[in-house]
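Here's the structure, in structure tokens; my notes come after.
The values are calculated or read from the model by the stated rules, or taken from the named source; none is laboratory data. Remember, it's a predicted structure, so these values are computed and weren't measured experimentally. Cβ sites come from the backbone with ideal geometry, for glycine too, and all protein chains shown count toward neighbours.
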Amino acid sequence: MERRDFGGSRVAALAEAYGIPMAPHDCVGPIALCIGAHFSVSNANVLIQETVRAYYTDWYKEIVTQLPIIGSGRISPREAPGLGVELLPGLTSRPDAHVRVTQ
């Protein structure tokens, strides 16, 4: 299988070439935070991984099984396969869930 770099990796490489630090930001959900954690620890020029503490300690836990570990000013992705996270069982059958399916 061919490996393809997503745009963030290209931007990180370009920024690193010019000595520019990066600061990925999370505000869209727990899956994005997990991606950001992996991205942040795998790129030398990432200065900080921003997140919203209120989201991390509240509603993110209503969606996924685990979150990256945040402590002592550092973020660490989970070591489970893939992103290290899964959607909570039964998430799509909750009364407050809005499920959209595209063709």
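Quick notes on this structure:
- Filter pass, T92 being hydroxyl-bearing (S, T, Y), in a helix (DSSP H, G or I) and surrounded by fewer than 13 Cβ atoms within 10 Å (Cβ to Cβ): yes
- Residues considered: E79, E86. Of these, the only one that is under 21 Å from V46 (Cα atoms) and of a type in the set (D, E) is E79.
- In region 65-84 there is no residue that is out of contact with any strand residue (DSSP E or B) (no Cβ under 7 Å at 6 or more places or on another chain), touching a residue at least 24 places away in the same chain (Cβ under 8 Å), under 25 Å from E16 (Cα atoms) and surrounded by fewer than 11 Cβ atoms within 10 Å (Cβ to Cβ).
- Taking each residue of region 16-38 that is crowded, with 16+ Cβ neighbours inside 10 Å and looking for partners that are basic (K, R) with beta-carbon atoms closer than 9 Å, six or more apart or interchain, yields P30/K61; C34/R78; A37/R78.
- Any pair with Cβ under 6 angstrom, 6 or more apart, that starts in region 39-51 at a residue that is of a type in the set (F, W, Y) and ends at one that is at pLDDT below 90 and not in a loop (DSSP other than H, G, I, E, B): F39/G8
- A single entry from I69, I75, I48, I31 fulfils the requirement of being among the β-branched types (V, I, T) and over 20 Å from S9 (Cβ atoms): I69.
- Residue within region 35-47 that is among the polar types (S, T, N, Q), touching a Gly at 6+ places or on another chain (Cβ under 9 Å) and assigned to a loop (DSSP other than H, G, I, E, B) present: yes
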